[in-house]
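The values are calculated or read from the model by the stated rules, or taken from the named source; none is laboratory data. Just so you know, these numbers come straight off a predicted model, no measurement behind them. Cβ: placed from backbone, ideal geometry, glycine included. Neighbour counts: every protein chain shown. The accessibility values were calculated without ligands, DNA or RNA, using every heavy atom of the protein model including side chains. Shrake-Rupley method; radii C 1.70, N 1.55, O 1.52, S 1.80 Å.
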Amino acid sequence: MDPDKISRLNPQNTISLTHIDLATSARLTDIALGISVSQIMNIGIEQLSNHTVGGNTAFDFQVSTFIDAKPTSANLHCYIIAENYLNTVNATTNQSGVGTLALQVPSGNVDDALLIVFARAPFDERITSFTVYKFANSMQQTTPSNTSLSLSPLDSTLFYNASDGVSVEKVYALTYSYLQTPTPGSSQCTVPASVDHSPSVLVACASDGSGYFEEWTAYPQVPLTAGSGFANSERNVFTYTVTVDGVLYKLQISLGAINR
Amino acid sequence: MRFVKDKKGQVRVIEAFFASVLILSCLTLIPAQPTPKNTSSSNLASLAENTLVSLDSDGHLSLLVASEDWAALGRCVESALPLSVWFNLTVYDVNSHPLNDYPICNGGAVSNTISSFNYVCASSSSNFEVYVLQLQLAAVD
């Protein structure tokens, strides 16, 4: 499947398809349609402890990996990104799908730091997933929550809304095996082609008048849910395994009658 | 005349009528609890086809078969199927001889209704070995 078509289904994309566009494109007039795309492998991050070591803060995390609620082993490749700071950590999860991660972040940068974890199944590199942990609120994010830059990837380009004194200083394009730093323009940045069987996580480092901040998005913009919500209504669910840019995802198409 | 005068019987009939009206009203007014219906269990052959075609999109399955990595092959198929679906995969050569020396499955069948799908794949190596993968699926009723 095409990563751009997938990304345009995500409501967070600036030129995403509306519900009406989706129904019209699918030529479905009397059937409610819902589409969701998710990663095959899920990753959970839980902070176990933290303590200060000199000018750094050391963190211990427990990472769990599972496929459809079943624990699975995985190889982990993690990036820690903060202001003028970048580090990588490798780890694994065992057959029970549990592993630990020990890392350090400069104490002055903890509030704006991001931990990006990629997990890859040892039996198939196309099963590669990611998740993001935000140190500022000690929370794991599977979908980006901050939208002041309105990060929106499409056609191998990352578009953003850098206005009102905001300037994007650096962009990281991260995959499981590779890290690239494309040069950011005033409102867009070219996303380098990746040969890795991995989703890309794009991190934009920006500053406004008050300080430094980071936002991220994924390319393709998965996980996503589009179309009808089917709250309190019956639906038929069709599940497929699909390949997007060499990565396996789970596609769920829900169909249901429209209540009249 | 005897029936008209039997007022007690009439009251019972009226009572029964109102009771049935009450029950029917309740059944009509209380909406049935909507439940998501997963049709993948009722269309297992389609699920099996999609699973094998997707997993072999870049020749990955034939590589695992050629290297006789049955454990990896089993985990690969398992990862693409819902947890509630039982599977049994058998790999045959062109002469219909089974190649896997132990069952590639995730336990015992969970239903008597088993769907099967045969998928032919070719090795990307120089000898272009052809394999037939038979995937059997069953879902919890």
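Odds and ends about this structure:
- Inclusion of B:Asn88 among residues that are modelled with pLDDT under 90, surrounded by 16 or more Cβ atoms within 10 Å (Cβ to Cβ) and either within 11 Å of chain A (Cβ to nearest Cβ) or farther than 29 Å from A:Ser233 by Cα (or both) is not warranted.
- Tally of residues being open to solvent by 50 Å² or more (accessible area, probe 1.4 Å) and assigned to a loop (DSSP other than H, G, I, E, B) across the range B:91-111: 12
- Residues located in the range A:109-146, provided they are of a type in the set (Ser, Thr, Tyr), surrounded by fewer than 19 Cβ atoms within 10 Å (Cβ to Cβ) and within 16 Å of the chain's Cα centre (by Cα): A:Thr142, A:Thr143, A:Ser145
- For the range B:42-73, the tally of residues that are assigned to a loop (DSSP other than H, G, I, E, B) and within 22 Å of B:Asn127 (Cα to Cα) stands at 7.
- When the range A:45-74 is filtered for residues that are within 14 Å of chain B (Cβ to nearest Cβ) and buried (at least 17 other Cβ atoms within 10 Å of the Cβ), the ones remaining, listed by number, are A:Thr65, A:Phe66, A:Ile67, A:Asp68, A:Thr72, A:Ser73, A:Ala74.
- Residue list for the range A:248-260, filter: open to solvent by 50 Å² or more (accessible area, probe 1.4 Å), touching a residue at least 60 places away in the same chain (Cβ under 8 Å) and out of contact with any Phe, Trp or Tyr (no Cβ under 9 Å at 6 or more places or on another chain): A:Ala257, A:Ile258
- Residue match in the range B:36-59 (condition: at the interface with chain A (Cβ under 9 Å from one of its Cβ atoms), open to solvent by less than 50 Å² (accessible area, probe 1.4 Å) and at pLDDT below 85): yes
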